[in-house]
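Since the structure comes first, as structure tokens, the remarks are kept for the end.
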Amino acid sequence: MSVQFQDTHAANIIELRGVNQYYDEGKTKIIEGLDLLIEDKPMQGQFAAILGMSGCGKSTLLRYIAGLQKPTSGEVLVKGKPVSKENRVSMVFQQYSSLPWMTVLDNVALGLQFKGVPKQEREAKAMEMIQLVGLEGHHKKYAQYPILSGGQLQRVAIARSLMSNPEILLMDEPFGALDVKTRLQMQDLLLSIWEKFSPTILFVTHDIQEAVYLADDIFIMKHAPSHFVEHIHVDLPFKRDRETKRLPNFDELVHQVEDAMMKIDTVG
């Protein structure tokens, strides 16, 4: 059973309609009949987390929206328009994606450079973003490991994506390779960015607690051929900190998502 999305009068930010992904001339079906609707929430944005087993197509969905891959069939729309070079959305990957031969400053300013923004203006804006993500003092360093830590490299990627398109942020397990403390710090940084910029964030993760802590909606995909089979609204305060994890209904929500994940093999 697929999740049914109700299209309201709110503006649509991201929409996937009847998406299919087949390989081997249709013999291998990864995604079939998938729909997704993310609507605008003025002055708030929306934080949607996507969960599902490995291989179900979570990352592929983000690649569609980023314009890195086209589905076999179906529509992928960003702000009501098909994805193209003009409305392509940046993406933060689990693997470090900064250009290692460029400095932090040049990496963060890259999107503005492609748009033809003059050097002085784009570097000034990039410095503001670098300070926001906690990388002040590192702007002249090359964006490569071990000059920068894993957490710092992901901060570079987040800053670069926000500079390119502050309205939409696609994140594919961005904290999966980080140690526990750095991961918790990055979660709090992301919440502060969400509060400041009110973007629409689509966040793929395997960590259920992380999904509950960060998102206001969680969508669960079944095994391939996949589509969304569960939508869980996260009923927690909009402004969150580590005390949020100690609220009674936080654990209840985690258990609800766990139960939904355990039953996905039994749904169609």
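The values are calculated or read from the model by the stated rules, or taken from the named source; none is laboratory data. Fair warning: this is a prediction, and the values are worked out from it, not measured in the lab. Positions of Cβ are generated from backbone atoms using ideal geometry, with glycine treated the same way; all protein chains shown enter the neighbour counts. All accessible areas refer to the heavy atoms of the entire protein, side chains included, with ligands and DNA or RNA removed. Shrake-Rupley method; radii C 1.70, N 1.55, O 1.52, S 1.80 Å.
Brief remarks on what is shown
- Subset of region 164-178 (residues that are open to solvent by 20 Å² or more (accessible area, probe 1.4 Å) and either hydrophobic (A, V, I, L, M, F, W, C) or modelled with pLDDT under 90 (or both)): Ser164, Asn165, Pro166, Glu167, Gly176, Ala177, Leu178
- Just so you know, in region 126-145 the residues that are surrounded by fewer than 19 Cβ atoms within 10 Å (Cβ to Cβ), in contact (Cβ under 8 Å) with a residue 40 or more places away in the chain and on the phi < 0 side of the Ramachandran plot include one that is nearest to the chain's Cα centre (by Cα), and it is Leu132.
- Checklist (1) closer than 15 Å to Lys222 by Cα; (2) in a loop (DSSP other than H, G, I, E, B); (3) in contact with a Lys or Arg (Cβ under 8 Å, 6 or more places away or on another chain) applied to Ile50, failing item: (2)
- All conditions in (1) under 23 Å from Ile264 (Cα atoms); (2) surrounded by fewer than 13 Cβ atoms within 10 Å (Cβ to Cβ) hold for Gly80, with the sole exception of (1).
- Of all residues in region 254-265, those that are closer than 11 Å to Ile232 by Cβ have Cβ atoms under 8 Å from Cβ atoms of residues that are surrounded by 12 or more Cβ atoms within 10 Å (Cβ to Cβ) and charged (D, E, K, R), 6 or more apart or on another chain, in Ala260/Glu230.
- The residue pairs whose first member lies in region 114-125 and is of a type outside the set (S, T, N, Q) and open to solvent by 80 Å² or more (accessible area, probe 1.4 Å), whose second member is modelled with pLDDT under 90 and assigned to a loop (DSSP other than H, G, I, E, B), and whose beta carbons are closer than 8 Å, counting only pairs six or more residues apart or on different chains, are Lys125/Val117.
- Of all the listed residues (Val212, Val267), the sole one being touching a strand residue (DSSP E or B) at 6+ places or on another chain (Cβ under 8 Å) and at pLDDT below 90 is Val267.
- Boolean, Arg63 is modelled with pLDDT of 90 or more and either loosely packed, with under 14 Cβ neighbours inside 10 Å or of a type in the set (Lys, Arg) (or both): yes
- Of all the numbered requirements in (1) in a loop (DSSP other than H, G, I, E, B); (2) buried (at least 21 other Cβ atoms within 10 Å of the Cβ), Gln44 misses one, and that requirement is (2).
- Annotation: of all residues in region 223-238 being in a loop (DSSP other than H, G, I, E, B) and under 19 Å from the mean Cα position of the chain (by Cα), the one that is nearest to Ile50 (Cα to Cα) is His227.
- Test result for Pro71, over 16 Å from the mean Cα position of the chain (by Cα), within 19 Å of Ile13 (Cα to Cα) and either touching a residue at least 12 places away in the same chain (Cβ under 8 Å) or part of a helix (DSSP H, G or I) (or both): yes
- Screening region 111-128 for residues that are modelled with pLDDT of 90 or more and of a type in the set (A, V, I, L, M) and picking the one that is nearest to Ala157 (Cα to Cα) gives Ala126.
- Here Phe203, Phe175 are screened, and the one residue that is aromatic (Phe, Trp, Tyr) and part of a loop (DSSP other than H, G, I, E, B) is Phe175.
- Flag for Leu37 being of a type outside the set (Gly, Ala, Ser), open to solvent by less than 70 Å² (accessible area, probe 1.4 Å), touching a residue at least 60 places away in the same chain (Cβ under 8 Å) and touching a strand residue (DSSP E or B) at 6+ places or on another chain (Cβ under 8 Å): no
- For region 92-103, the count of residues that are free of Cβ contacts under 8 Å to residues at least 24 places away in the same chain, part of a loop (DSSP other than H, G, I, E, B) and small (Gly, Ala, Ser) is zero.
- Subset of region 146-156 [surrounded by 15 or more Cβ atoms within 10 Å (Cβ to Cβ) and modelled with pLDDT of 90 or more]: Leu148, Gln152, Leu153, Arg155, Val156
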